[in-house]
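The values are calculated or read from the model by the stated rules, or taken from the named source; none is laboratory data. The structure presented is a predicted model; accordingly, all values stated were derived computationally and were not measured. Methodologically, a virtual Cβ is constructed for each residue, glycine included, from the backbone with ideal geometry; neighbour enumeration extends over all protein chains shown.
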Amino acid sequence: MPEVRAKRARKTPKPAKKVSRRVAARTERDRLAERKEALSAAIPYLALVRAPSVPQPAALPSDSLSVATYNVHRWAGFNGARAPDAARAGYVISELDAEVIALQEVLRPFEGDDPLAQLAEALHLHVAFVATRVHRRGEIGNAILSRWPITSVFSLDLSFSRVERRSAVAAQFQTANPGDPPLSIVATHLALVDRTRRRQVDSILEHPQLQGPVVLLGDMNAWRNCKATRTLEREMVGDEELRWPATFPAARPLLALDRVYARGAQLESIEAHSTDAAKRASDHLPVTAQLRLTNGSGTPSE
C-alpha cells in the first residue's frame, strides 16, 4: 500500500504543469498583443539604424552615384504565398551592386532573427529602417542600405488616409565636397489612391530638411499618369525624356511602378534588373539607376 500511494503522489503534479503552460502561453500572447498595440500607436517610427561591424572602405558620395530600389514583398516570393525567406531577395540585392538601395515592404519579425539586420551585416552595408505598419508577423516598412556612412536619418509620416498607412525614411550623407549641402536619399512606398499620393509627393518635396540634392526612390504605385507623377516629373525630372522600365508583375512586367526621381542630380540611365532570381524573389523587379549631381543649374558639378 505505501508504494501505491507514492506512485499516485508522483502523478498528481501533471495537471498543474499543463495549466502553468497554458498560463505562460496566454501571458506571452498578451505581452505580444500589448507590444503590437504600443507600436501601432507610435507609427511611423525609426526602428533601426546600424553600421556594419566590418564596414567596407568606401568613398563619400561623389558626382556620380549608383542607386537602386526594390519592393521585396515581405520576403514572400513572387506570389506572396511562400514562407518568408529573406535569402531569396538578399541574393538579388547582392547582384545590384549599387551604392544605395531603397527597400519597400520590408518585414522585420517580432521573434527570431532580424533578416534586414543580417542582410546588411552580410553585405557590409549601413542600414536604416522606418516602420510603417504592424503586421501579424512583425513590423513592415521602408529601408535604406548604403555603402556610405549615414550622417543623419529621420522618418516622414505620409499617412494622409485612414485606410492606408504610409511613410518614408530619409537618410542624409556628407558628399566628397565638404562645402556642399548633404545628399538626401528618400525611400518610400506611396498610396494607391491618386489624391492621397499627390499629398504625399507635396509633403516630400516641401519638407524643410530636404532642400539640397534629393534622390527619391521607391514603389510609386504610379500605374498611370496622375497629378502626383506630373508633379514629380516637373519638379524632379524637368525636360528630360525618360522611359520608365516596367517592373510589375516580376514574371511578366507591364507596369512601371518602381521609379527613381532626382532634384539637384541628373538621371543618366535607369533599367529594370530582370534576372531569373529577381523574377522569383518578389512580385516586383528591382530598378537600378546612374545619376550625376548637378550644381543647381542643371549642369553636372565640376
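Condition (residue is assigned by TED's automatic domain parsing to the domain that holds residue 279, surrounded by 14 or more Cβ atoms within 10 Å (Cβ to Cβ) and over 20 Å from the mean Cα position of the chain (by Cα)) applied to the stretch 215-224: is it met by at least one residue? Break it down into steps so the answer makes sense when it comes.
Just the residues of the stretch 215-224 that are assigned by TED's automatic domain parsing to the domain that holds residue 279, to begin with: 215-224.
Within this subset, residues satisfying the condition of being surrounded by 14 or more Cβ atoms within 10 Å (Cβ to Cβ) are 215-222.
Filter once more, so that each one left must be over 20 Å from the mean Cα position of the chain (by Cα): none.
The answer is no, given that none of the residues of the stretch 215-224 is assigned by TED's automatic domain parsing to the domain that holds residue 279, surrounded by 14 or more Cβ atoms within 10 Å (Cβ to Cβ) and over 20 Å from the mean Cα position of the chain (by Cα).
Please verify whether residue 153 is touching a strand residue (DSSP E or B) at 6+ places or on another chain (Cβ under 8 Å) and crowded, with 24+ Cβ neighbours inside 10 Å, treating the condition exactly as stated. Break it down stepwise before answering.
Numbers: touching a strand residue (DSSP E or B) at 6+ places or on another chain (Cβ under 8 Å): yes; crowded, with 24+ Cβ neighbours inside 10 Å: no.
Answer is no for this residue.
Any chance you could count how many residues in the stretch 185-226 are in contact with an Asp or Glu (Cβ under 9 Å, 6 or more places away or on another chain), under 13 Å from residue 167 (Cα atoms) and in a helix (DSSP H, G or I)?
Count: 3.
Look through 265, 256, 250, 246 and report the one residue that is at pLDDT below 95, of a type in the set (A, V, I, L, M) and surrounded by 15 or more Cβ atoms within 10 Å (Cβ to Cβ). Don't jump to the end; show me each part of the working.
Working: 256 fails: at pLDDT below 95; 250 fails: at pLDDT below 95; 246 fails: at pLDDT below 95.
From the options 265, 256, 250, 246, the qualifying one is 265.
Among what's in the stretch 268-278 and is within 17 Å of residue 291 (Cα to Cα) and either crowded, with 17+ Cβ neighbours inside 10 Å or of a type outside the set (S, T, N, Q) (or both), pick the residue that is farthest from the chain's Cα centre (by Cα).
If we filter the stretch 268-278 for residues that are within 17 Å of residue 291 (Cα to Cα), which is where we start, we get 268-273.
Next cut, either crowded, with 17+ Cβ neighbours inside 10 Å or of a type outside the set (S, T, N, Q) (or both) only: 268, 270-273.
On the way: 268: 24, 270: 19, 271: 19, 272: 18, 273: 17 Å.
For the stretch 268-278, the residue satisfying everything is 268.
Could you please give the count of residues in the stretch 154-174 that are touching a residue at least 40 places away in the same chain (Cβ under 8 Å), assigned to a strand (DSSP E or B) and of a type outside the set (Gly, Ala, Ser)?
Of the residues in the stretch 154-174, the ones touching a residue at least 40 places away in the same chain (Cβ under 8 Å) are 154-160, 165, 167-171, 173-174.
Still in the running and assigned to a strand (DSSP E or B): 154-157, 167-171, 173.
Checking which are of a type outside the set (Gly, Ala, Ser) leaves us with 154, 156-157, 169, 173.
Here the count works out to 5.
For the stretch 30-55, which positions are under 22 Å from the mean Cα position of the chain (by Cα) and either modelled with pLDDT of 90 or more or part of a loop (DSSP other than H, G, I, E, B) (or both)?
Passing the criteria: 43, 44, 45, 46, 47, 48, 49, 50, 51, 52, 53, 55.
Could you say whether any residue in the stretch 74-93 is within 15 Å of the chain's Cα centre (by Cα), on the phi > 0 side of the Ramachandran plot and assigned to a helix (DSSP H, G or I)?
Yes, the stretch 74-93 contains a residue that is within 15 Å of the chain's Cα centre (by Cα), on the phi > 0 side of the Ramachandran plot and assigned to a helix (DSSP H, G or I).
I'd like to verify a number: residues in the stretch 120-153 that are outside any strand (DSSP E or B), under 18 Å from residue 210 (Cα atoms) and out of contact with any Pro (no Cβ under 9 Å at 6 or more places or on another chain), how many?
Residues that pass the stated criteria total 1.
Being in contact with a Leu (Cβ under 9 Å, 6 or more places away or on another chain) and within 19 Å of residue 219 (Cβ to Cβ) is the filter here; which residues of the stretch 127-137 pass it? Before you say what the answer is, go through the steps one by one.
Of the residues in the stretch 127-137, the ones in contact with a Leu (Cβ under 9 Å, 6 or more places away or on another chain) are 127-132, 134-135, 137.
Listed by number, the residues that qualify are 127, 128, 129, 130, 131, 132, 135.
Can we say residue 177 is surrounded by fewer than 16 Cβ atoms within 10 Å (Cβ to Cβ) and free of Cβ contacts under 8 Å to residues at least 12 places away in the same chain?
Numbers: surrounded by fewer than 16 Cβ atoms within 10 Å (Cβ to Cβ): yes; free of Cβ contacts under 8 Å to residues at least 12 places away in the same chain: no.
Spelling it out, it is not the case that residue 177 is surrounded by fewer than 16 Cβ atoms within 10 Å (Cβ to Cβ) and free of Cβ contacts under 8 Å to residues at least 12 places away in the same chain.
For residue 254, work out the one condition from (1) without any contact (Cβ under 8 Å) to a residue 24 or more places away in the chain; (2) touching a helix residue (DSSP H, G or I) at 6+ places or on another chain (Cβ under 9 Å) it doesn't fulfil.
It fails just one condition, (2).
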